[in-house]
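Written below as structure tokens is the structure these notes are about.
The values are calculated or read from the model by the stated rules, or taken from the named source; none is laboratory data. Just so you know, these numbers come straight off a predicted model, no measurement behind them. In this analysis, Cβ positions are derived from the backbone assuming ideal geometry, glycine residues included, and neighbour counts consider all displayed protein chains. Heavy atoms of the whole protein, side chains included, go into the accessibility calculation; ligands, DNA and RNA do not. Shrake-Rupley method; radii C 1.70, N 1.55, O 1.52, S 1.80 Å.
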Amino acid sequence: MSLLQRIVACKAQASALADHQVAFDVVFVMHVSSRGWILEKICRAIAMASGWSYRFVDSERNEVITTRLPRARCYFFAHYGIFTQALARHPELHAARLFVWFTHPDFSRGISAEEAVFALRHAERIFTANAAHARLLGALGVDRARVETVYGGADPALFRPKRRGAGKVGFVGAYYARKAPDTILGIVRAMPDVPFLLLGPDAASVENKGLLWSNYPRMPELRALPNIEIVETGYDHYPEHFARIDVYVSVALLEGGPIPLVEALMSNALPVVTRTGFAEELVHDGVNGALLPVGTSVEEAAAAIRRARADVETDVASAAAGLSWQAFGLRIAEAMRGALPPQFALTDRPDGGLRSLLRQGWRAPSAGRIDAFAPRAMLAVPLAAGAQLTSVAVTLEVAPEPGERIAVGLLWNGTSLAAGQRFGPGRLRLHAGDIPAALSRADGENILELRLLDPAGGMPGAPPCRFRLLHLAGEASTAIPRSTPVVPAPATPAQAMDPPATPAAALRGPGWIEEACGGLRLEGACGYLILPLDAAEAVQVRVELDPAGASAPCHLYLTDGETETASGPVSGKTVELGIAPAPGTRALRLELDGAGWALRHVALQRHVATGSTAAALQGGVP
Amino acid sequence: MIAVQAAATQAPLPFALSAGRYVVTARAGDRILQPARARLIWAANTASATAALGIPTLLVGGPSAFPYGVENPAGKAAARRELERLYGVEGGFDIALLQDPKAPRGQDWIAGGQFIRQVLPEAGLVHTRDPAIALECARRKIDWIYEEHDEDYQVGFASQVGPFLQQPSCRAIVAITEPVARRLRAEGVPANRLLILDSGVSRAALHRREEAAERWRAAFLRPCYRHLAAYAGGLHDERGIEHILRAAALLPHVMFVLAGGSITDQARWSHAIEERGIGNLKLIGYQDHDAACTLQQAADVVLATRAPGPRAAITSPLKLYEYLLSGTPFVTAEISATAHVRSAGLAGLAYDPAAPDALAAAIATAFGRFPRRPGGYAQNIEAGLAFTWEERQRRLLSFVGPVLVRETF
């Protein structure tokens, strides 16, 4: 059987767990060779930021997870290779929420592009290290709406900006053939008047000893050159060595990052880097560093290094502002939390969205059935941080004994909101509106409880107390307030660009920093807005942008989850996108890719059979 | 009693192995590791503790636990990492991975195969729980220690090995409890070779895991639970799991988390809690040593339950010792094996396993009397130190004395 067939066969064996069988919120899976190196750092940053219970699993092999896989709600794979193989062997994964870090594409070793794409379609979300890889995955057939770019980071408390002038030229990283070590050797040899520093890991800091520079066959030649200092040490000591680097050089052939580029920028070391990973997104050639072609020659690199050494004035540290590991972890953790949109309607169907919310008191969901076995059954209802639930409606199916009644209470974070009762079998609907804002948790981690009030039960030997969950709907405060509807009553095209404004901040997904003027600036590489929508044949969105802090063009994407419209590279301040949403679409996602860009104004115009209506989602510029 | 044992740790070790290695293996045919297999935990920890005492040690088992080749150094390194992960043992000992073609189905090796050819030639002393291995050593005049844990395959040990019990190569017969020792004496084991030793506890349990423990508390206690009660161990009926279910039904504001048990037992109890509508109990399955220790530190109270009956008399309170190192207040069944801990003035309570709802009452009392302390209760941790595997080996090897070079064949 092919790998794809095995994945399909494995999926067929999957069965969901009940919450009382789950040990961890998230399990991070990586190869043991990642211990002590960047992929582990990535996972730890997410784990720390999440606040969840977690466990790390180190597999000795890529083709099979060699250790026990603890039961968890979510699994985060540090590499798509081990993820693809694991999907073919672990049925439990198919019943959990899956997340993948996409380091960089390397389809020549073990996993083909077709296999990787097939596997990644099983992931709820894929995080890429740079926007180019996100676009690549989209082009290969991965749903672009599931792909999110999050730049790696560095610790700004450790990597401090310094003045340049007497520092060395630094190469930083572990040994890989893709780092083009022969080119590094050539550069050092060709510039005998320039002092170089090679900074790499020591044996104690990495599990995979293949990452040590001693594995480079020509290391004796490099070591023999008088103008290079070679430092192999633990990552904790990297900041002190970055403080001695004026120019950071990467001549790598393939990168996801490289992360040392962020460390270099933070340390105010001018980068000279090949066009790999996020280099093109952080470095603007000739402005805050130099970009070299992949496979650059020694002569070309040497010339760029000399120019860079001559520039001791340009401040490059600002390009790394906000790129901390903490921000990185928070961003991914927020995406994994999966906050519900301001208006949500979830059903008991396998893809209806309810199943991942089930907590104590529910049986493992089977096809089309979510049964409570305990008198208190809980649902985790993740809202955006700071959002407050304003109304909620739950539909249950109940079957009291003939002549008996069943009464169920609805509680939000422990406070009773509503109760209902029913005589005889049928549907019981519980509804609560005007829910006080103070009842919602600021971190968005809310619990909805359904409590059986009558008949009471749960004592040993008592019969199980059951009801069935059919439907959950609600609205949260981040939705457009009813007093300023997104799509007002029929308007003429002339009125279209001048509707009541809604703060864009109210619609934002993760990835934004609110500016003093009220606009939104990208915190990292990308961010998105959710644009609420009623039925429409077509939608036109006009976006006003501010490239003030950007060093490269941005891209805009508009999607309804099925189809996507992309802008192409944007350098100007205004861009328009159009899309014909699928019938029944309730919201569009507008995504902005491009570090440093800010959003000033978004205008939404929908075309319906009877004419056009419009709304504006306004930032700080009236 | 605990104070006396703790003081004994300071004594020099009157043991020496003049040649060969200290070989540890539980039972012929066993893999070298397997989740929730008590005798393999015993073997790995015994090997680790022996190595920690400076004695060259070899742990023997089969390789079928690993889904990858372990013939090369990288494979062996991977196997060591897995031992560390699963059982929380530190390295320092070598491993021999045996695979006999003639081994019966489900077993990796046999006592009369590669073990004789590859392991015994370099053995100075063999420490085992398998009568068949003890017999192979005795026949070849290789010094040996046998441990009796009252397992099925150990039945008839004295009659199998009887003629060799008086020979010098028989260095010690370890009984896991006093009742087991009484039985062995009755079967003819000489009293001067007999030593009673409880199971041990890994020193790794001492390591504080406050941050991970707080995360688990946050995950398990939200939104409406006030306390966390944890149990770690098997889920057989004899373990008193029924008591925990009753307590959970009576204490709806307490979240009960049970770690361990076979898949079959987990499914059985999972069905039971659903049938009874008990929503405040989790069965999170077997956890690696580190995670199990984290759970114990996260809890307000840890539970050492036991069903009443004959098995309770021969049990070894291994988990209770691990609980002590967690520093978390415990509630334990009143059985003979826990009497010495219960009388030591520790943060913990006992309940009568014959009284159906006594556990719930004891748990509720423990919450009031021993509120959760960051860092744990020092007196419990101090008491637990007397029961580490290192202390256990120290006592055993002090009993054994020097092992001199002997002509073997």
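Could you tell me whether any residue of the range A:351-364 is within 14 Å of another protein chain (Cβ to nearest Cβ), in a strand (DSSP E or B) and within 30 Å of A:Glu523 (Cα to Cα)?
Taking the range A:351-364 as the starting set, the residues that turn out to be within 14 Å of another protein chain (Cβ to nearest Cβ) are A:357-364.
With in a strand (DSSP E or B) added as a condition, the list becomes A:358, A:362.
Subset that is within 30 Å of A:Glu523 (Cα to Cα): none.
Checked against the condition, which is being within 14 Å of another protein chain (Cβ to nearest Cβ), in a strand (DSSP E or B) and within 30 Å of A:Glu523 (Cα to Cα), the range A:351-364 yields no hits at all.
Looking at (1) open to solvent by less than 10 Å² (accessible area, probe 1.4 Å); (2) at the interface with chain A (Cβ under 10 Å from one of its Cβ atoms); (3) outside any helix (DSSP H, G or I), can you tell me which one B:Val302 breaks?
(2)
So which of B:Ile284, B:Ile278 ends up being on the phi < 0 side of the Ramachandran plot, outside any strand (DSSP E or B), within 10 Å of chain A (Cβ to nearest Cβ) and hydrophobic (A, V, I, L, M, F, W, C)? Explain how you work it out, then say what you get.
On the way: B:Ile284 fails: outside any strand (DSSP E or B).
On inspection, the qualifying residue turns out to be B:Ile278.
Could you tell me which residue of the range A:29-53 is farthest from B:Tyr231 (Cα to Cα), considering only residues that are within 8 Å of chain B (Cβ to nearest Cβ) and in a loop (DSSP other than H, G, I, E, B)?
The first filter runs over the range A:29-53 and keeps only residues within 8 Å of chain B (Cβ to nearest Cβ), leaving A:32, A:51-53.
Of the ones still in play, those that are also in a loop (DSSP other than H, G, I, E, B) are A:51-53.
Numbers: A:Gly51: 24, A:Trp52: 21, A:Ser53: 18 Å.
Top of the filtered list is A:Gly51.
For A:Gly170, are the conditions met, namely being out of contact with any helix residue (DSSP H, G or I) (no Cβ under 9 Å at 6 or more places or on another chain) and over 30 Å from A:Tyr557 (Cα atoms)?
Numbers: out of contact with any helix residue (DSSP H, G or I) (no Cβ under 9 Å at 6 or more places or on another chain): no; over 30 Å from A:Tyr557 (Cα atoms): yes.
No; evaluated as a whole, the condition is false for this residue.
Counting just the residues of the range B:62-99 that are under 22 Å from B:Tyr22 (Cα atoms), without any contact (Cβ under 8 Å) to a residue 24 or more places away in the chain and open to solvent by less than 50 Å² (accessible area, probe 1.4 Å), which one comes out farthest from the other protein chains (Cβ to nearest Cβ)?
Selected residue: B:Ala77.
B:Gly261 is checked against (1) more than 7 Å from chain A (Cβ to nearest Cβ); (2) at negative phi and fails just one. What number does that condition carry?
Checking B:Gly261 against (1) more than 7 Å from chain A (Cβ to nearest Cβ); (2) at negative phi, the one that fails is (2).
Across the range B:308-357, what is the total count of residues that are surrounded by fewer than 23 Cβ atoms within 10 Å (Cβ to Cβ), at pLDDT below 85 and outside any loop (DSSP other than H, G, I, E, B)?
Number of matching residues: 11.
Can you tell me which residues in the range B:287-299 are outside any helix (DSSP H, G or I) and at pLDDT below 95?
Those that are outside any helix (DSSP H, G or I) and at pLDDT below 95: B:Gln287, B:Asp288.
Could you check the range B:146-173 and list, in sequence order, the residues that are of a type in the set (Ser, Thr, Tyr) and touching a residue at least 40 places away in the same chain (Cβ under 8 Å)?
Initially, the range B:146-173 is screened for residues of a type in the set (Ser, Thr, Tyr), giving B:146, B:153, B:159, B:169.
Selection gives B:Tyr153, B:Ser169.
Looking at the range A:298-321, which of the residues that are of a type in the set (Asp, Glu) and assigned to a helix (DSSP H, G or I) is surrounded by the most Cβ atoms within 10 Å (Cβ to Cβ)?
Initial filter on the range A:298-321 (of a type in the set (Asp, Glu)): A:299-300, A:311, A:313, A:315.
If we keep only those that are assigned to a helix (DSSP H, G or I) as well, we get A:299-300.
Numbers: A:Glu299: 11, A:Glu300: 14.
Among residues in the range A:298-321 that are of a type in the set (Asp, Glu) and assigned to a helix (DSSP H, G or I), the one surrounded by the most Cβ atoms within 10 Å (Cβ to Cβ) is A:Glu300.
Could you list, in sequence order, all residues of the range A:1-28 that are within 14 Å of chain B (Cβ to nearest Cβ), out of contact with any Cys (no Cβ under 9 Å at 6 or more places or on another chain) and not in a helix (DSSP H, G or I)?
Those that are within 14 Å of chain B (Cβ to nearest Cβ), out of contact with any Cys (no Cβ under 9 Å at 6 or more places or on another chain) and not in a helix (DSSP H, G or I): A:Ser15, A:Ala16, A:Leu17, A:Ala18, A:Val22, A:Ala23.
Got a sec? Which strands (runs of 3 or more DSSP E) wholly within the range A:382-425 have at least 2 residues that are closer than 12 Å to A:Phe467 by Cα, open to solvent by 20 Å² or more (accessible area, probe 1.4 Å) and within 14 Å of another protein chain (Cβ to nearest Cβ)?
Values: elements: A:389-398, A:405-412, A:415-423.
Fully inside the range A:382-425 and qualifying: nothing.
What strands (runs of 3 or more DSSP E) lie completely within the range A:535-584 and have 2 or more residues being of a type outside the set (Phe, Trp, Tyr) and free of Cβ contacts under 8 Å to residues at least 40 places away in the same chain?
Details: elements: A:538-546, A:555-559, A:564-566, A:574-579.
Fully inside the range A:535-584 and qualifying: A:555-559, A:564-566, A:574-579.
Say whether the condition of being at pLDDT below 85 and either within 14 Å of chain B (Cβ to nearest Cβ) or surrounded by fewer than 14 Cβ atoms within 10 Å (Cβ to Cβ) (or both) is met by at least one residue in the range A:429-442.
Within the range A:429-442, the first condition is being at pLDDT below 85, and the residues that meet it are none.
No, the range A:429-442 contains no residue that is at pLDDT below 85 and either within 14 Å of chain B (Cβ to nearest Cβ) or surrounded by fewer than 14 Cβ atoms within 10 Å (Cβ to Cβ) (or both).
Which numbered condition in (1) open to solvent by less than 20 Å² (accessible area, probe 1.4 Å); (2) more than 18 Å from B:Leu33 (Cβ to Cβ); (3) of a type in the set (A, V, I, L, M) is the only one that B:Ala132 fails?
Among (1) open to solvent by less than 20 Å² (accessible area, probe 1.4 Å); (2) more than 18 Å from B:Leu33 (Cβ to Cβ); (3) of a type in the set (A, V, I, L, M), the lone unmet condition for B:Ala132 is (1).
Considering only residues that are small (Gly, Ala, Ser) and either in contact with a Lys or Arg (Cβ under 8 Å, 6 or more places away or on another chain) or on the phi > 0 side of the Ramachandran plot (or both), which ones fall in the range A:82-120?
Residues of the range A:82-120 that are small (Gly, Ala, Ser), as a first pass: A:86, A:88, A:95-96, A:108, A:110, A:112-113, A:116, A:119.
Once the filter is applied, which keeps residues that are small (Gly, Ala, Ser) and either in contact with a Lys or Arg (Cβ under 8 Å, 6 or more places away or on another chain) or on the phi > 0 side of the Ramachandran plot (or both), the range A:82-120 yields A:Ala88, A:Ala96, A:Gly110.
Is it the case that some residue within the range A:54-77 is away from chain B (no Cβ under 14 Å), out of contact with any Leu (no Cβ under 9 Å at 6 or more places or on another chain) and open to solvent by 20 Å² or more (accessible area, probe 1.4 Å)?
no
With respect to B:Asp143, is the statement that it is of a type in the set (D, E, K, R), touching a residue at least 40 places away in the same chain (Cβ under 8 Å) and open to solvent by 30 Å² or more (accessible area, probe 1.4 Å) true? Lay out the reasoning, then the answer.
Values: of a type in the set (D, E, K, R): yes; touching a residue at least 40 places away in the same chain (Cβ under 8 Å): yes; open to solvent by 30 Å² or more (accessible area, probe 1.4 Å): no.
No.
Of the numbered conditions (1) surrounded by 24 or more Cβ atoms within 10 Å (Cβ to Cβ); (2) part of a strand (DSSP E or B), A:Leu291 fails exactly one; give the number of that condition.
(1)
Hey, which of the strands (runs of 3 or more DSSP E) in the range B:152-244, taking only ones fully inside, have at least 1 residues that are open to solvent by less than 10 Å² (accessible area, probe 1.4 Å) and more than 14 Å from chain A (Cβ to nearest Cβ)?
Working: elements: B:170-175, B:194-196, B:227-232.
It comes to B:170-175, B:227-232.
Mind listing whichever residues of the range B:245-273 are surrounded by 17 or more Cβ atoms within 10 Å (Cβ to Cβ) and of a type in the set (Lys, Arg)?
B:Arg246
Is it true that some residue in the range B:387-399 is over 30 Å from B:Ala43 (Cβ atoms) and not aromatic (Phe, Trp, Tyr)?
As a first pass, look at the range B:387-399 and keep what is over 30 Å from B:Ala43 (Cβ atoms): none.
No, the range B:387-399 contains no residue that is over 30 Å from B:Ala43 (Cβ atoms) and not aromatic (Phe, Trp, Tyr).
Within the range A:330-337, can one find any residue that is open to solvent by 30 Å² or more (accessible area, probe 1.4 Å), touching a Pro at 6+ places or on another chain (Cβ under 7 Å) and farther than 13 Å from A:Leu472 by Cα? Can you show your working first?
First, pick out the residues of the range A:330-337 that are open to solvent by 30 Å² or more (accessible area, probe 1.4 Å): A:330, A:334.
When the remaining residues are screened for being touching a Pro at 6+ places or on another chain (Cβ under 7 Å), the result is A:334.
Next cut, farther than 13 Å from A:Leu472 by Cα only: A:334.
Checked the range A:330-337: at least one residue is open to solvent by 30 Å² or more (accessible area, probe 1.4 Å), touching a Pro at 6+ places or on another chain (Cβ under 7 Å) and farther than 13 Å from A:Leu472 by Cα.
Please go through the range A:75-90 and give me each residue that is out of contact with any strand residue (DSSP E or B) (no Cβ under 8 Å at 6 or more places or on another chain) and closer than 20 Å to A:Asp25 by Cβ, ordered by number.
A:His90
Name the strands (runs of 3 or more DSSP E) wholly within the range A:84-158 that hold at least 3 residues that are modelled with pLDDT of 95 or more?
Ranges flagged: A:97-102, A:125-128.
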